[in-house]
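See structure below.
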Amino acid sequence: MTGLSPSPYGGQVPVLRIGDVLLVTLQGDLHDGTAEQLQQDVSEAAADSRVNGVVIDLSGVEIVDSFLGRVLADIAAKTRLLAAETVVAGMRPAVAITLVELGLTLPGLRTALSTEEALRLLGGASISPRYGRTRQESP
Amino acid sequence: MQTAGGLSACLPITSDLDLVWVRQHVRQAAAQLGFGLVAQTKLVTAASELARNTLVHGGGGQMECAPVNRGGVRGLRLTFSDEGPGIADLDQALRDGYTSAEGLGMGLGGARRLVHEFDIDSSPGRGTTVTVASWVSAPPRPREER
């Protein structure tokens with residue numbers, strides 16, 4: 001189902017910057033090492049004073065185990081100390097059900113159903129001209 | 001190592017790349033047997049927790065995956081074994097919040113909640129073997145046991 005290679009992210013997960021928000025899109029199956037690298041990359045990027053939020057898109061992730069759960073919680077805790085808020089977006093229902101049964105409710109994480117909603121939660125005023133509704137402009 | 005499209009396999013667990021293979025194999029085998037999406041996700045997550053225990057605490061080992069059939073109900077049995085230091089106090093290791101390495105302490109106890117059957121055999125110096133099984137439909141045993 002997930003293709004031939006063991007992971008599309010044997011290397012690194014890109015951390016994109018949109019306005020004053022960092023956007024991280026996780027997909028497929030992450031190596032432990034890749035997840036730890038991501039944690040460091042996000043913390044470093046969040047230390048930039050213009051960042052006030054981090055959105056982690058999990059819609060392409062098929063499982064979150066306690067290791068990845070801890071990585072997400074750690075990212076949220078670290079970015080909070082760096083004055084930025086983390087929102088986890090698009091978690092699949094099966095993943096959410098499994099996490100709760102596993103015993104991980106991740107109380108410190110803010111969540112949103114989609115990346116769009118996450119950006120709104122973070123008050124993405126600075127990005128609305130591009131990502132919000134299109135402006136009515138006469139030709 | 002792994003037959004194409006086969007359900008039975010014996011996979012080594014010696015690096016975090018192997019954890020990815022374990023998850024993928026269990027996912028494919030469960031899907032092939034007809035597990036629903038939530039059931040697949042639970043079993044793959046349990047396998048990930050147990051395989052990581054094998055790697056981190058057991059110093060590496062292997063996972064055997066085999067289809068099982070009980071009373072016409074199909075299922076998947078996963079056996080994780082290592083020859084590491086073993087576990088002295090099983091009750092403690094299964095308790096939520098107990099952690100010996102850096103983690104959330106949900107590994108063993110959490111994995112047990114995600115499968116229908118869970119069995120652990122371990123003693124100091126003899127390594128650890130964890131066997132779990134899940135069934136495609138409700139587990140074939142009396143409901144009052146729950």
Pseudo-spin-label distance residue A:36 to residue A:110, built 7 Å along Cα→Cβ, given in nm, is 3.0
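What Kirkwood radius, in Å to one decimal, follows from the Cα pairs of the range B:9-140?
Final number for the Kirkwood radius of the range B:9-140 is 14.6 Å.
Shielding of A:55-68 by partners, i.e. mean partner chain Cβ atoms within 10 Å per residue? It would help to have the intermediate numbers written out before the result.
Numbers: counts 0, 0, 0, 0, 0, 0, 0, 8, 12, 3, 17, 12, 11, 2.
Per residue, the average neighbour count from other chains is 5.
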Given a Förster distance of 35 Å, the FRET efficiency implied by the Cβ-Cβ spacing of residue A:50 and residue A:100, rounded to the nearest 0.05, works out to 0.50
Here FRET efficiency (C-beta to C-beta, residue A:77 to residue B:74, R₀ 41 Å, nearest 0.05) is 0.45
Expressed in nanometres to one decimal, the distance between label points 7 Å along Cα→Cβ at residue A:117 and residue A:59 is 1.1
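Values in this text are rule-based calculations from the coordinates and carry no lab data. Keep in mind that what you see is a predicted model, and the values were worked out from it rather than measured. Virtual Cβ from ideal backbone geometry, glycine too; neighbours counted across all protein chains shown.
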